[in-house]
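The values are calculated or read from the model by the stated rules, or taken from the named source; none is laboratory data. The structure presented is a predicted model; accordingly, all values stated were derived computationally and were not measured. We place every Cβ from the backbone using ideal geometry, glycine too, and count neighbours over all the protein chains shown.
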Amino acid sequence: MRCLLLGLAGLPLCAPAYGQIGDVYASVGVSNRSQRTSVSGVLPGSLAPTTPFSGRDRDRPFGVTAAVGYDRSIAGPVFLGLEAGIDLGDSRQTFTANSSATASQTVIRCFPLPPDPSGIPPPCAELSRTTTVFNETQALNLNVRTGPSAALVGRVGVALGGTRLWASGGLNAQRMRAAYDLPVVNTAIPPFFPFIVAEVGQPVDGLARMTTLPAEQRSLKRWMTGWTAGVGIEQRIAPLFTITARLAFANHGSVTLPASARLAPLRIESSSHTFGVGLGVRF
């Protein structure tokens, strides 16, 4: 036991007298991650060719963590270190986007009236009127899954007896999987004019035609890369064993999924706050 005398009263404060702990360490633990994911893109169509959408969601998954690292004293209690870690937490989020448009086209058939003496073309005498209504509704269902994530960080801190305090910063990579489906849509394609006049027997040009946007399903996987920063504390509880607690923020960056027949380029961004606790061993 080591004891210190406090103040004038000379009261002893005693703590276990552990030996010097090793510079190499490994730890396992659990984490709770507040995962925020944002998506943005455009639903192309015929009647509504540029319908932008965006969404943001937050999930709080638990995960298992593991880390290995090395610390080296550089000046008294100050140390520098390097750590590699992984978080197996898995976040799943769902986004929806909708596009709806309606347009109508009217065709009037008539026969021409006799010319006006003034030379002004007369209106035609209407015989029939036909109106066609076109509806277009698109519904996107997007599922985004993020995790696991890995980090390589540098550490700087102070060692005060059996306690270590540190700040860290470095690189982060997170696995992202996205899958979406777009149901089939019956719609109209150009040329499209709202009002057309045609004489009886005359073919009508410029009419909209019905068409079908086929259903589309896609699944993509990407690694998102960014940066991370955090703080932590490590407390020795036995000659070789420690407990740790840490708080970190990570900006996982963004990815842009390429355009397809039914969807313009889709951008996905991800960031997270993570709190974790663990049990470690030093060699």
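State all residues of the stretch 112-128 that are surrounded by 12 or more Cβ atoms within 10 Å (Cβ to Cβ) and out of contact with any Phe, Trp or Tyr (no Cβ under 7 Å at 6 or more places or on another chain); if no residue qualifies, say none. Spell out how you get there, then give the answer.
Filtering the stretch 112-128 for residues surrounded by 12 or more Cβ atoms within 10 Å (Cβ to Cβ) gives 112, 124.
Matches in the stretch 112-128: Pro112 only.
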Item checked: Complete set of residues in the stretch 1-45 that are of a type in the set (Ser, Thr, Tyr) and at pLDDT 90 or above -> Tyr25, Ser27, Ser31, Ser34, Thr37, Ser38, Ser40
Note to self: If Met210 satisfies all but one of (1) under 27 Å from Arg92 (Cβ atoms); (2) touching a Phe, Trp or Tyr at 6+ places or on another chain (Cβ under 8 Å), what's the number of the condition it fails?
What the structure shows: (1)
Next item on the list: May I ask you to say which residue of Thr228, Thr211, Thr242 is closer than 30 Å to Thr130 by Cα, of a type in the set (Val, Ile, Thr) and part of a strand (DSSP E or B)?
Entry: Thr211
Note to self: Could you check the stretch 142-169 and list, in sequence order, the residues that are of a type in the set (D, E, K, R) and over 18 Å from the mean Cα position of the chain (by Cα)?
What the structure shows: Arg155, Arg164
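If you check Asp116, Asp57, which single one turns out to be modelled with pLDDT under 95, among the acidic types (Asp, Glu) and in a strand (DSSP E or B)?
Values: Asp116 fails: in a strand (DSSP E or B).
The match here is Asp57.
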Next item on the list: Could you please give the count of residues in the stretch 31-54 that are crowded, with 18+ Cβ neighbours inside 10 Å and either acidic (Asp, Glu) or outside any strand (DSSP E or B) (or both)?
Entry: 4
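Quick one: in the stretch 194-215, of everything that is of a type in the set (S, T, N, Q) and within 30 Å of Leu140 (Cα to Cα), which residue is farthest from the chain's Cα centre (by Cα)? Working first, answer last.
If we filter the stretch 194-215 for residues that are of a type in the set (S, T, N, Q), which is where we start, we get 202, 211-212.
Then keep just the ones that are within 30 Å of Leu140 (Cα to Cα); that gives 211-212.
Working: Thr211: 33, Thr212: 31 Å.
Only one residue tops the list, namely Thr211.
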Item checked: Neighbours by Cβ (under 8 Å, 6+ apart or cross-chain): first from the stretch 198-209, within 20 Å of Thr187 (Cβ to Cβ); second modelled with pLDDT of 85 or more and of a type in the set (Ser, Thr, Tyr) -> Ala208/Thr132
Item checked: Verdict on Phe193 being assigned to a loop (DSSP other than H, G, I, E, B) and either in contact (Cβ under 8 Å) with a residue 60 or more places away in the chain or within 30 Å of Ser34 (Cα to Cα) (or both) -> yes
Notebook entry, point to check: From the set of residues in the stretch 83-103 that are among the small types (Gly, Ala, Ser), surrounded by 21 or more Cβ atoms within 10 Å (Cβ to Cβ) and within 25 Å of Asp181 (Cα to Cα), which is farthest from the chain's Cα centre (by Cα)?
Noted result: Ser99
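Take Thr65 and tell me if it is β-branched (Val, Ile, Thr), more than 30 Å from Gly161 (Cβ to Cβ) and touching a residue at least 40 places away in the same chain (Cβ under 8 Å).
Numbers: β-branched (Val, Ile, Thr): yes; more than 30 Å from Gly161 (Cβ to Cβ): no; touching a residue at least 40 places away in the same chain (Cβ under 8 Å): yes.
Here the answer is no, as Thr65 does not meet what is asked.
Per-residue answers, yes or no, for (1) touching a strand residue (DSSP E or B) at 6+ places or on another chain (Cβ under 9 Å); (2) under 18 Å from Ile74 (Cβ atoms); (3) surrounded by 15 or more Cβ atoms within 10 Å (Cβ to Cβ); (4) touching a residue at least 60 places away in the same chain (Cβ under 8 Å):
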position	(1), (2), (3), (4)
Thr131	yes, no, no, no
Thr137	yes, no, yes, no
Asn141	yes, no, no, no
Leu152	yes, no, no, yes
Arg155	yes, yes, yes, yes
Leu160	no, yes, no, yes
Ser168	yes, yes, yes, yes
Met176	yes, no, yes, yes
Margin query: Can you list residue pairs whose Cβ atoms sit under 7 Å apart, with the first residue in the stretch 212-241 being of a type in the set (Lys, Arg) and the second being not in a strand (DSSP E or B)? Count only pairs 6 or more apart in sequence or on different chains.
Written below: Arg218/Ser260; Arg236/Tyr18; Arg236/Ile21; Arg236/Gly162
Margin query: Which condition from (1) over 30 Å from Leu247 (Cβ atoms); (2) touching a Phe, Trp or Tyr at 6+ places or on another chain (Cβ under 6 Å) is the one that Ala173 breaks?
Written below: (1)
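Name every residue in the stretch 145-189 that is in a loop (DSSP other than H, G, I, E, B) and either touching a helix residue (DSSP H, G or I) at 6+ places or on another chain (Cβ under 7 Å) or under 30 Å from Ala259 (Cα atoms) (or both), in order of residue number.
Matches in the stretch 145-189: Pro183, Val184.
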